[in-house]
Amino acid sequence: MRIALVGPPGSGKGTQGELLGHRLSVPHISSGDLLRDATRAGTPWGSKAKDYMDRGQLVPDELVLELIKERVARRDCDGGFLLDGFPRNPDQALALTRVLNGAGLDHVIAIEVPEQSIVERLSGRRTCRGCGRLYHLTFNPPRRFGRCNVCSSELFVRDDDREDTVRERLAVYRRQTEPLMGFYSDAGLLRRVDGSGTPDQVTRRILEVVEELR
Ligand code: AMP
């Protein structure tokens, strides 16, 4: 089963990607995580990508595509995968179909969250420096303050979760990613899911949609 999660920053794609990946037994592939790993390697390519990310803008398609292409070609993706954050514009969607040899996706889940919740969600977000797991000071706090439940590494605020960058990311989303909805709706693949409530409630809504279409 090949699924993509789309939605504005802060809609819960990362959290749902983790939860659903376990539930559906498919790898969770976050383009943001792939990019963050690549930027940590400190290559010239990585620092170029980091510049875009720190400004809240999309990294050029060819850089992201290389990473996605390599990742979906691995053996663990033979039975499907869950994409989070990719595709992010119609050109990437077309490129993905080519990468998958024309096979395309089975479902595109659009997670919908009112705009006023987004800034609140992102400003409380904390990310684990070790394994990339996501927490929220109010909605999903770690058991030990400032430390990851799983690997005990330090939790930090991503540069792009700061308020001015969040606003830029939202503007980029509206301009560049929202047109994807029309693209996938025309293809008959788009399912809209209410992203409010607890992570488990949202997971349940998404699973209902996926099961219904199976
Ligand atoms: P995310 O973790 O999905 O919020 O992504 C963080 C940042 O990584 C975004 O603001 C972009 O700068 C970059 N990024 C992630 N996915 C993509 C993509 N599919 N295309 C271009 N840039 C991306």
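Each reported figure results from applying straightforward, stated rules to the coordinates on display, with no laboratory input. Note that the structure is a prediction, hence the values are computed from the model and not measured. In this analysis, Cβ positions are derived from the backbone assuming ideal geometry, glycine residues included, and neighbour counts consider all displayed protein chains.
Defining a contact as two alpha carbons under 8 Å apart and six or more residues distant in sequence, what relative contact order in percent does region 67-146 show?
Relative contact order here is 12 percent.
Using θ = phi - 60° and the Karplus curve 6.51 cos²θ - 1.76 cosθ + 1.60, what whole-Hz ³J(HN,Hα) does each residue of region 46-58 get, with Gly and Pro shown as x?
Once θ is set to phi - 60°, the couplings for region 46-58 become x, 6, 5, 4, 4, 4, 5, 5, 5, 8, x, 9, 6 Hz.
Principal axes first, then extents: for the Cα atoms of the chain, list largest minus smallest coordinate on each axis, whole Å, largest first.
Result for the chain: principal-axis Cα extents of 45, 41, 34 Å.
With only alpha-carbon pairs counted, each pair once and no self-pairs, how large is the Kirkwood hydrodynamic radius of region 109-161 in angstroms?
Taking every pair of different Cα atoms in region 109-161, averaging 1/r and inverting gives 11.7 Å.
Considering Cα pairs under 8 angstrom that are at least six residues apart, work out the relative contact order of the chain and quote it in whole percent.
Reported relative contact order: 29 percent.
Which one of D159, D106, D186 has the biggest mean-square fluctuation once the chain is modelled by GNM with Cα springs under 10 Å?
Taking springs between Cα atoms under 10 Å, the residue moving most is D186.
Loop only by DSSP, 13 or fewer other Cβ within 10 Å of the Cβ. Give me the trypsin sites (Lys or Arg not before Pro) in region 1-81 that pass, ordered by residue number.
R74
Once you have all Cα-Cα distances for region 98-214, histogram them in 10 Å bins from zero and send the whole-percent values.
Taking all Cα pairs of region 98-214, the binned fractions are 12, 31, 35, 20, 2 percent.
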